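K.L.:
Take this structure first; my questions come after.
The values are calculated or read from the model by the stated rules, or taken from the named source; none is laboratory data. Because the structure is a prediction, the values reported are computed rather than measured. As a convention, Cβ positions derive from the backbone with ideal geometry for all residues, glycine included, and neighbour counts pool all protein chains shown. We work out accessible area using only protein heavy atoms, side chains counted, and drop any ligands, DNA or RNA first. Shrake-Rupley method; radii C 1.70, N 1.55, O 1.52, S 1.80 Å.
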Amino acid sequence: MLTRQEKEAIVAEVAVVARDAQSAIAAEYRGLSVEKMTKLRVDARKAGVYIRVVKNTLARRALMGTGYECMGDSLIGPLVLAFSKDEPAAAARIIRDFAKDNDKLVVRAIALSGKLLAPGDLAALATMPTRDEAISKLMAVMKAPVEKLARTIKAPADKLVRTIAAVREQKQSAA
């Protein structure tokens, strides 16, 4: 049994993480072994995802006043909370990949930037590009018109050089 001070510490810790998180997922873990939960925690830690099993009443208190207060009604049953700290899709990827091999992990709620999503949106969220991927795609889109403009500007000079070379070859072969 947790003391009041321990409960307050848990609520404060989860509230701080929730305030800074990009996204949150609540998943039911009923039936998972300790070894599998440990593997989930290790994978989450490697990906920069905060993961914690918290009693639902404490979780509701911790989420009050944050962008994830909308998840409150979905917190039913034994749940593990996963918060993406750096990129919105990190927690979704961890949960999706883990759930592929462990069908007992069932997503109950997903929140992204304060908006509650359906549990079925996990795949869509998990396939979002990482920050680096999004920046590289944006740079490629921005670079394409500049490259095309440079090729277009260069084309007449190239054509002139080819024409002069053809005329020179023609004169050399005639002589």
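K.L.:
Could you name the lysines in cross-link range of Lys154, using Cα to Cα under 18 Å and dropping any fewer than eight places away on the same chain?
P.N.:
Candidates past the 8-residue exclusion: Lys143.
K.L.:
Now for a different question. Enumerate the aspartates and glutamates that Lys137 could reach by cross-link, defined here as Cα to Cα under 20 Å, with residues fewer than 8 away along the same chain left out.
P.N.:
Asp86, Glu87, Glu147
K.L.:
Using bins 5 angstrom wide from zero, how does P(r) for the range 1-139 break down, in % of all Cα pairs?
P.N.:
Reading the bins upward from 0: 2, 11, 21, 23, 21, 13, 5, 2, 1, 0, 0.
K.L.:
Checking the table Lys46/Lys104; Lys7/Lys115; Lys46/Lys85; Lys7/Lys46; Lys39/Lys85; Lys55/Lys104 against a 24 Å threshold on Cα-Cα, which pairs fail?
P.N.:
Details: Lys46/Lys104 22 Å; Lys7/Lys115 27 Å; Lys46/Lys85 12 Å; Lys7/Lys46 27 Å; Lys39/Lys85 19 Å; Lys55/Lys104 19 Å.
Flagged as over cut-off: Lys7/Lys115; Lys7/Lys46.
K.L.:
While we're here: If you take the charge dipole of the chain about its Cα centre, with +1 on Lys and Arg Cβ and -1 on Asp and Glu Cβ, which of Ser173, Val107, Val53 is farthest toward its positive end?
P.N.:
Ranked along the dipole, the leading option is Ser173.
K.L.:
Now for a separate question. For the chain, report the accessible area per residue in Å² (1.4 Å probe, heavy atoms, rounded to an integer).
P.N.:
Numbers: 11220 Å² over 175 residues.
That works out to 64 Å² per residue.
K.L.:
When the chain is fully extended, how far beyond the present Cα-Cα distance does Arg131 get from Ala150, taking 0.36 nm per residue of separation?
P.N.:
Working: separation 19, 0.36 × 19 = 6.84 nm, distance 2.88 nm.
In short, 4.0 nm is gained.
K.L.:
Sticking with this one: Could you give the dipole magnitude of the chain about its Cα centre, charging the beta-carbon of Lys and Arg +1 and that of Asp and Glu -1, in debye to the nearest 20? Spell out each step's value before the answer.
P.N.:
Working: 30 positive and 20 negative charges, 113 e Å.
Charge dipole of the chain: 540 debye, to the nearest 20.
K.L.:
For a quick protection proxy, order the peptides 40-47, 160-167, 89-96 by their average other-Cβ count within 10 Å, most packed first.
P.N.:
Working: 40-47: 16.2, 160-167: 10.0, 89-96: 24.0.
With the highest mean Cβ count within 10 Å placed first, the list reads 89-96, 40-47, 160-167.
K.L.:
Can you pull the percent of the chain's accessible area that's carbon plus sulfur, 1.4 Å probe, other chains left in place? Walk me through the intermediate numbers first.
P.N.:
Numbers: 6510 of 11220 Å².
The nonpolar share, carbon plus sulfur, comes to 58 percent.
K.L.:
Report, in order of residue number, the helices in the chain meeting two criteria: a C-alpha extent of 24 Å or more along the helix axis, and a mean Kyte-Doolittle hydropathy of at least 1.6; treat each whole DSSP H run as one helix. Please list the in-between numbers first.
P.N.:
Numbers: long enough: 4-20 (25 Å, -0.11); 131-174 (62 Å, -0.24).
Passing helices, by number: none.
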